[in-house]
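Q: The structure follows.
The values are calculated or read from the model by the stated rules, or taken from the named source; none is laboratory data. Worth saying up front: this structure is predicted, and the values here are computed from it rather than measured. Here the Cβ is made from the backbone with ideal geometry for all residues, glycine too, and neighbour counts use every protein chain on show. These area figures cover heavy atoms from the full protein model, side chains too; ligands, DNA and RNA do not enter into them. Shrake-Rupley method; radii C 1.70, N 1.55, O 1.52, S 1.80 Å.
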Amino acid sequence: MSCLSNVRLQVRASLANNSFQLWKWCMSMAEKCTNTRQLKAIHAIYITLGLHRNTYAVSKLLDFSALSNSADLSYASRIFAQVRTPNTFLYNILIRAYSRSSQPQFSLHYFNIMLQTNNAAAPDSFTFPFLLIACANGPLEVEGKQMHSWVVKNSFSVSDAHVQTALIRFYTNCKALDYARKMFDEITDIDVIQCNVLMSGHLQCGLAKEALSIFQDMLGHGVSADEYCVTTALAACAHLGALEQGKWIHEHVMKREWVESDVFIGSALVDMYAKCGCIHIASEVFDSMPTRNRHSWATMIRGFAVHGRPELAISCLERMQVVDGLKPDGIVILAVLAACAHAGLQKEGQLLLDKMESLYDIAPEHEHFSCVVDLLCRAGKLDDALKLIRRMPMKPRASVWGALLSGCRKHNNVSLGELAVKEILLVEDGNEAEEDSAYVQLSNIYLAARQCDDARRIRRMIGDKGFRKTPGYSAIEIDGMVNEFVAGDVSHSCLTNIHEVLDLIYLDPDFNNLI
């Protein structure tokens, strides 16, 4: 089927046979379609034979035009519009396709059209998950809650696991974790996918302790963890520094032999051990992995960087090519640049930035420039950092100017600090979190330079705009339990004992005398 004329010749030959053979040939051609040009040729034949109004025949065309790698949603919508009475299956194809597109609101548009068909097509258990995905990707929180009402009205939330999972995912994507947890608790027979969706939602919102608690409750209810759940739980352990719980999960993984079969679990173990301070164990796990990818190498390099082993991080650039035959990508290069920044290896970092395109065919991105700006600022070379920013081939983002601002804070450079804040406000217009952080840094720079009037002016501005600094917190694992401490929090169950120990330390700063 190289061109439309060849297709027409085959159709004429097929007309000599009975209609059933012609039908089979048309369906076969639609299923073999590989690009939009072929699709349009087949569509023309459908129109010639009157098949463009047949729901089953059109479903073949619609499936390719809406869901394939060569999808054209505009063309799919035109195909759909030619069907006089579309059924639920056709509606679901378009709702699904638009739910994962850049225009998820069109999923709701076709849903509304479906509701106006006087029951010719009715939503089913496949319709609502696609709609909820669209609402999550919008994000369309109000519309998503309306979909939830429809789900309850049709009793799908009680009987269908796919709809239940979609609801949990919708609420977690909208950061409405209380609603997500309520939906989760209403499910009588939870599965591992629903647990993982809820865990991931909490982890993405910075609630690693809650994510780990969900994992423990899941196992307590007899639900077996899969590879995705284990990876999420290990990420929570890494975030919290929960080494003992991470070791327990590692033992569980070894029993299932997942390290040998799943590169992501192996990488998650490397990350967990590195962030929990056990770089030697992280290295052992990494070396024992039978299969590694670029993500694995980047994880190991970041571990070496945090633990002050830049020479090992840099050596990984060659090792990954020799041992695993993998060429570094932008993420690996970024990890090595971070290692150089942590160790103050200015020449090595600048050389890698300058040579990364010629050596590895990777064009530097904002993150790479930001890392080297940070490196130069750590070395006190703020003017060189500014020159690097000025010669960037793209407009610098807030992260680049933020690296310069942090350097100005360290070296008390008021003029460059003011410039960096000005640029951040231009780039991040309306982003309150970025504005708040920039103003706080500038206020600290003024205080360090003894420009108290300017510092008070900035602090007053922060108060007038209603910015609130995110409170700092720390966590420590004791006897397998993670304890979190948040600035200004008085809710810890051992608060009285903690203050008694702090009073002792205040009275006798020599820790040896307290033993």
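Q: Limited to the stretch 430-458, what total is found for residues that are among the acidic types (D, E) and crowded, with 16+ Cβ neighbours inside 10 Å?
A: So the answer is 4.
Q: Considering only the stretch 242-258, I want to know if a residue exists there that is assigned to a helix (DSSP H, G or I) and under 15 Å from A298 (Cβ atoms).
A: No, the stretch 242-258 contains no residue that is assigned to a helix (DSSP H, G or I) and under 15 Å from A298 (Cβ atoms).
Q: Something else now. Do we find a residue being over 24 Å from the mean Cα position of the chain (by Cα) and open to solvent by 70 Å² or more (accessible area, probe 1.4 Å) anywhere in the stretch 158-171?
A: Taking every residue of the stretch 158-171 in turn, at least one turns out to be over 24 Å from the mean Cα position of the chain (by Cα) and open to solvent by 70 Å² or more (accessible area, probe 1.4 Å).
Q: Which one of S77, S102, S107 is outside the structural domain of C26 (by the TED database) and surrounded by fewer than 20 Cβ atoms within 10 Å (Cβ to Cβ)?
A: S102
Q: Still on this structure, I have one more. State which residue is nearest to D354 (Cα to Cα) when the search covers only the stretch 400-429 and only residues that are open to solvent by 60 Å² or more (accessible area, probe 1.4 Å) and either in a loop (DSSP other than H, G, I, E, B) or not charged (D, E, K, R) (or both).
A: In this case the residue turns out to be H411.
Residue by residue, here is whether (1) at pLDDT 90 or above; (2) of a type in the set (A, V, I, L, M) holds:
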site: N154; (1), (2): no, no
site: S159; (1), (2): no, no
site: Y179; (1), (2): yes, no
site: G201; (1), (2): yes, no
site: I214; (1), (2): yes, yes
site: C229; (1), (2): yes, no
site: Q245; (1), (2): yes, no
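Q: With the requirement that a residue be open to solvent by 50 Å² or more (accessible area, probe 1.4 Å), out of contact with any strand residue (DSSP E or B) (no Cβ under 6 Å at 6 or more places or on another chain) and farther than 25 Å from N137 by Cα, what does the stretch 172-226 give you?
A: If the condition is that a residue be open to solvent by 50 Å² or more (accessible area, probe 1.4 Å), out of contact with any strand residue (DSSP E or B) (no Cβ under 6 Å at 6 or more places or on another chain) and farther than 25 Å from N137 by Cα, then T188, D189, Q216, D217, L219, G220, H221, G222, S224 are the ones that fit.
Q: Exactly one condition in (1) assigned to a helix (DSSP H, G or I); (2) within 28 Å of the chain's Cα centre (by Cα); (3) surrounded by 19 or more Cβ atoms within 10 Å (Cβ to Cβ) is not met by C377; state its number.
A: (2)
Q: How many residues does the stretch 27-66 contain that are free of Cβ contacts under 8 Å to residues at least 24 places away in the same chain and crowded, with 18+ Cβ neighbours inside 10 Å?
A: Final tally of qualifying residues: 1.
Q: Now for a different question. Does the stretch 252-281 hold any residues that are surrounded by fewer than 19 Cβ atoms within 10 Å (Cβ to Cβ) and closer than 13 Å to A233 by Cα, and which are they?
A: H252, F264
Q: Pick from L219, L240, L234: which is in contact with a helix residue (DSSP H, G or I) (Cβ under 8 Å, 6 or more places away or on another chain) and either among the charged types (D, E, K, R) or more than 27 Å from R319 (Cα to Cα) (or both)?
A: One residue alone meets the criteria, L240.
Q: Give N92, N112 a once-over and let me know the one that is in a helix (DSSP H, G or I), open to solvent by less than 20 Å² (accessible area, probe 1.4 Å) and at pLDDT 90 or above.
A: N92
Yes or no, residue by residue, for (1) assigned to a helix (DSSP H, G or I); (2) under 28 Å from G138 (Cα atoms):
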position: M29; (1), (2): yes, no
position: L39; (1), (2): yes, no
position: L108; (1), (2): yes, yes
position: A121; (1), (2): no, yes
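Q: Looking at (1) of a type in the set (A, V, I, L, M); (2) more than 20 Å from K60 (Cα to Cα); (3) within 24 Å of the chain's Cα centre (by Cα), which is the one condition that is false for L108?
A: (3)
Q: For G402, all conditions in the list (1) farther than 30 Å from D464 by Cα; (2) within 23 Å of the chain's Cα centre (by Cα); (3) assigned by the TED database to the domain that holds R460 hold save one; what is the number of the exception?
A: Single failed check for G402: (1).
Q: Among the numbered criteria (1) under 18 Å from L404 (Cβ atoms); (2) touching a Gly at 6+ places or on another chain (Cβ under 8 Å); (3) modelled with pLDDT under 80, which one does N431 miss?
A: Status for N431: all satisfied but (2).
Q: A166 versus (1) in a helix (DSSP H, G or I); (2) over 23 Å from E227 (Cα atoms): which is the lone unmet condition?
A: (2)
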